[in-house]
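Inspection log for the structure reproduced underneath, given as structure tokens.
The values are calculated or read from the model by the stated rules, or taken from the named source; none is laboratory data. Keep in mind the model is a prediction, meaning the values are calculated, not measured. Quick reminder, even Gly has a Cβ in these numbers, built from the backbone with ideal geometry, and neighbours come from all protein chains shown. Ligands, DNA and RNA are stripped out before the accessible areas are found, and what is left, the full protein with its side chains, is counted by its heavy atoms. Shrake-Rupley method; radii C 1.70, N 1.55, O 1.52, S 1.80 Å.
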Amino acid sequence: MKLTSRAKKRVLAAVAAAAVAVSLAACSGAGAGASQDHKLKIGVFIPANSNAYLQSEQKAATEVGKELGVDVTVITSNWKAQDQNTAFQLAQQRKTYDGWVVNAISPADQCNGIKRAAQSGIPIIIAITAICGDDGYTKGTVGFVGEQNRSGYDKWFNYMFANTTPGSISLITGPTLDFVTDTTTAAAKAGFASHSNFKLASIENTDYSTDAAYKAAQTFLNANGDLKAIASNYSGMTRGVVQAVKQAGKADSVIVYDSNGDSWTKSQVAAGTIKAALPGMPYTDIKLSLALLVDKLKGKTVATNTNPLDTLTFPGAPLITKDNVDQWKPEY
């Protein structure tokens with residue numbers, strides 16, 4: 001059949017449109033980083049941006065995304081696990097991102113949903129709070145990045161045992177079922193079990209607030225006149241501990257240990273108010289997570305477990321003490 005000039009133009013236009021559609025389809029969806037024409041899109045899911053720690057995570061996502069040349073979107077959920085789950089579901093259904101970085105709000109409860117997303121083909125890096133009861137990597141995901149793990153807390157407690165007069169120590173942590181709380185508590189129980197000259201006088205679960213920690217520390221101090229130290233696993237809580245110890249007139253007899261240290265922690269370690277701290281590394285957590293995910297999307301083999309504490313190279317690291325505090329740069 002002989003086509004008219006107008007018909008030939010219609011056929012050629014249809015062929016060209018089909019070719020464009022095929023090209024676009026080839027460049028879309030998870031794992032599309034193999035295409036040089038496709039700018040990777042990554043979703044970074046964090047609990048909220050309501051405090052300095054989380055704001056540092058958000059800042060890292062924005063800045064590092066630009067450095068890596070990828071399109072990063074930060075999704076916050078105001079500490080509501082169901083809202084974060086909804087964000088996961090929408091991202092999965094719409095295939096919005098080539099990969100995810102996830103700091104889960106409720107790591108145990110959200111385990112199955114995140115694993116299902118990974119099983120659907122979405123490359124996922126778990127950041128900061130491990131999921132599914134794991135102390136790091138969860139099978140099916142790409143990897144885990146975070147300093148708040150058993151390795152770090154074991155070093156924290158070992159430093160306490162080596163630098164505190166034998167006796168009673170109290171511990172303040174966050175809410176029950178929280179990953180950091182569970183990890184800290186497990187490290188504490190194991191450490192005290194192997195150091196018979198120390199006693200874990202009490203463990204207080206709080207909402208991570210300064211006021212709750214202040215009240216808990218007051219209780220510890222009133223109930224145990226021979227308390228040797230109080231350990232707090234978040235700098236926001238440690239503020240309350242320092243206040244209570246000072247008001248009780250026991251700054252010279254009760255040592256304070258901090259974790260997730262920030263710029264305030266640095267000033268207190270330098271002043272001797274806090275004897276030692278583990279650093280909080282939210283910026284590095286997200287930076288390393290994005291770098292690993294981009295490498296994975298480009299077809300490279302990446303580590304399943306990455307501990308930001310290992311990037312600290314000054315003497316005495318990762319513990320921050322008066323001897324090395326000048327060499328430590330807080331991330332928030």
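Taking each residue of region 300-317 that is touching a residue at least 60 places away in the same chain (Cβ under 8 Å) and looking for partners that are outside any loop (DSSP other than H, G, I, E, B) and of a type in the set (D, E, K, R) with beta-carbon atoms closer than 6 Å, six or more apart or interchain, yields Val302/Asp295; Val302/Lys296; Pro308/Asp285. Filtering region 145-155 to residues that are of a type in the set (Ser, Thr, Tyr) and open to solvent by less than 10 Å² (accessible area, probe 1.4 Å) leaves only Tyr153. Applying the criterion of being out of contact with any strand residue (DSSP E or B) (no Cβ under 6 Å at 6 or more places or on another chain) and of a type in the set (A, V, I, L, M) to the residues of region 161-193, the residue that is farthest from Ile131 (Cα to Cα) is Ala162.
Inspection of region 70-85 finds a residue satisfying the criterion of being touching a Leu at 6+ places or on another chain (Cβ under 6 Å) and in contact (Cβ under 8 Å) with a residue 40 or more places away in the chain. Scanning region 95-133 for residues that are assigned to a strand (DSSP E or B) and of a type outside the set (Gly, Ala, Ser) turns up Trp100, Val101, Val102, Ile124, Ile125, Ile126.
When restricted to residues that are open to solvent by 70 Å² or more (accessible area, probe 1.4 Å) and in a helix (DSSP H, G or I), region 64-89 contains 5.
Taking the stated definitions as given, is Thr265 under 18 Å from Lys199 (Cβ atoms), of a type in the set (S, T, N, Q) and at pLDDT 95 or above? In short, no. With a requirement of 1 or more residues that are open to solvent by 50 Å² or more (accessible area, probe 1.4 Å), the strands (runs of 3 or more DSSP E) lying completely within region 156-272 that satisfy it span 199-205.
Annotation: Gly133 fulfils all but one of (1) in contact with a helix residue (DSSP H, G or I) (Cβ under 7 Å, 6 or more places away or on another chain); (2) free of Cβ contacts under 8 Å to residues at least 60 places away in the same chain; the unmet one is (1). Just one residue in the set Gly121, Gly113, Gly133 is at pLDDT 95 or above and on the phi > 0 side of the Ramachandran plot; that residue is Gly121. Among the residues of region 142-153, is any over 30 Å from Lys199 (Cα atoms) and either in a loop (DSSP other than H, G, I, E, B) or free of Cβ contacts under 8 Å to residues at least 40 places away in the same chain (or both)? So far as region 142-153 goes, yes, one or more of its residues are over 30 Å from Lys199 (Cα atoms) and either in a loop (DSSP other than H, G, I, E, B) or free of Cβ contacts under 8 Å to residues at least 40 places away in the same chain (or both).
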